[in-house]
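All remarks here apply to the structure that follows.
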Amino acid sequence: MARRRWPVWRAVLAWVAWLILLALLPWWLGLPLLLALAAGVTLLQHRLADAHAASIRHALRWGLPGVLFALQRTLGGDAFAWGAALLGALAGYTLLVGLEAWLDRELHRTPAAAPSAEWPELAMAPVGPPAEIIELQPPAWQTATDELVDPLGGHVVYRECAYLFEIGERIDGVGAQAAFSPGGRWFAARMHNDRGVLLWDRQRERQHRLRGWQLGGWYREQPWLLRRDDDMPLALSAVLGEDDVEET
């Protein structure tokens, strides 16, 4: 289910309230709180939902000025106190920039020597008409915190590392992120720790566990896969037969 997003002005008011709260608290209470948030987003980055991780980052950016204001107030509010606060701001935001760069390291990987942006031209036609350019539809991943709506009807519940379908099917040993193909023929679920992806062909009642592969997208209701983000996607028919593929 899609969650309603707060209007921008409400989000800004919430972060301003957070800043004021830390400015009113003693700095020796606010600083450990910020350090705990930084440690949490660093250690649990693969377990946190994107929205939660983004909220923690905003809390660090907005909370640091509040802690620094509380520090200068404790030091007496004179020129020395403001100088200490400014130095703290320089050091604190430098550390924040470094932390965010480290958290986003997967988004800034050096591209391969071949221009990956041109892979649609390279993926032209052994599987389709001549001169056909394959454009994938990205998977719409959902986090199974609530029930998932099945495009073919009914709901799907995620419980104890398993997806339970109303039709009676059970998919075990996968993580809490799943996606359906646009028409609902395929069900995909990420394995734990992003070690691969499970694909269930609901029309043929076949499951494929592809270790080390990622779901790149859908084309004509069929899954296309890749090893790394800068690789050229391959059709499932080309991936089957690899040593790390299990079929059930």
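The values are calculated or read from the model by the stated rules, or taken from the named source; none is laboratory data. Note that this is a predicted model, so its numbers are computed, not measured. We work out accessible area using only protein heavy atoms, side chains counted, and drop any ligands, DNA or RNA first. Shrake-Rupley method; radii C 1.70, N 1.55, O 1.52, S 1.80 Å.
May I ask you to give the solvent-accessible area per residue for region 128-228, in square angstrom, as obtained with a 1.4 angstrom probe? Counting only protein heavy atoms, the per-residue value for region 128-228 is 51 Å². Against the empirical curve 2.2 N^0.38 Å, the C-alpha radius of gyration of region 199-242 lands at a ratio of 1.11.
As a ratio to 2.2 N^0.38 Å, the alpha-carbon radius of gyration computed for region 169-214 takes the value 1.06.
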